[in-house]
1. Please work out the FRET efficiency for the pair ASP59 and TRP174, using the Cβ-Cβ distance as r and a Förster radius of 35 Å; give the result to the nearest 0.05.
2. So what's the back-of-envelope 222 nm ellipticity for the chain, counting only DSSP H runs of four-plus at -39500 (n - 2.57) apiece and dividing by all residues, rounded to 500?
3. Taking θ = phi - 60°, what integer Hz values does the Karplus form 6.51 cos²θ - 1.76 cosθ + 1.60 yield along the range 78-91, in sequence order, with x for Gly and Pro?
4. Using modelled backbone amide H atoms (1.01 Å from N, in-plane), which distant-in-sequence or interchain residues come within less than 5 Å of ASP173's amide H?
5. Could you line up CYS225, CYS134 from fewest to most neighbouring Cβ atoms inside 10 Å?
6. Provide the net charge surrounding PRO75, with neighbours chosen by a C-beta distance below 14 Å and charges set as Lys +1, Arg +1, Asp -1, Glu -1.
7. Can you compute 3J(HN,Hα) from phi for each residue in the range 143-152, using the Karplus curve 6.51 cos²θ - 1.76 cosθ + 1.60 with θ = phi - 60°, rounded to whole Hz and x for Gly and Pro?
8. Which GluC sites (Glu not before Pro) in the range 1-99 sit in a loop by DSSP (not H, G, I, E or B) and have at most 15 other Cβ atoms within 10 Å of their own Cβ?
Amino acid sequence: MCKKGLRVLTYNVHKGFNAGNRQFVLHQIREALIAADADLMFLQEMQGEHRRHQQKIPDWPVLSQLEFLAENVWPFHAYGKNAVYNAGHHGNAILSKHPFEHWENINVSPFPWASRSLLHGVIRLPEKQLHIVCIHFGLLGKERRLQISKLSAHIDSHVPPDAPLIIAGDFNDWLGQADRLFHDHLGLQEIFRETHGRYARSFPSWLPLLPMDRIYYRGLIPLSCDRLAHAPWHTLSDHAPLTALFAL
């Protein structure tokens, strides 16, 4: 971690494909992520395995997508399966420049047909622990409400109230249903809203209209937050990433 603070990025990588699913752009995503230079990356729709793509796509990496993105830059990483299907699986991932003390993947799927999980890790920063949670909530309002309730219960039981905490990811929450519980019950703030007065519009990446992606926090000092909607980001995934800077 550099002296300027802790830099965080959240991004739905769309399994390494561009918005129209016509081009495999994981190599370009890696270059853009390296240039963004985050200490912690919260990534959603990370392809853990896909046997058909591996056989058909010429530049499919030999390493897993997680290892390919992390190689030589983020030495510590964790992956949690969300969706499992015949060809493989995808889920959430955290890439870190700081070591994990431990991590776990928690199933928050309210329905058998809607596979969702949250990836909770604890990393060691100088003189303190930081709890980090990567999420990708469902598309249906009822589904999200149940997932938010499960997340809240998990935080209550597993994260000390005075511990620094970051929850980031693709909330699919364009109506802002999560905010009241996160603020009133968990004491969380959303950094783009704190620094800009509104949520970041992050979807679709080529014309961002819906506020889908967020970075919530407590126990940290927010310094800045930006939506990365300029080149090359608008030609990569269907989501625009958010990057935030915190002082500890």
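1. 0.55
2. About -5500 deg cm²/dmol.
3. Each residue of the range 78-91 in turn: 9, 9, x, 5, 9, 10, 10, 8, 4, 7, x, 6, 9, x Hz.
4. Correct list: empty.
5. The order, fewest Cβ neighbours first, is CYS225, CYS134.
6. Charge balance in the 14 Å sphere: -1.
7. 4, 5, 4, 5, 5, 4, 5, 5, 4, 4
8. Qualifying residues, ordered by number: GLU71.
Every number in this text was worked out from the coordinates using simple rules, so none of it is lab data. Model, not experiment: these values are computed from the prediction. Heads up, the Cβs are rebuilt from the backbone with ideal geometry, glycines too, and the neighbour counts pull from every protein chain shown.
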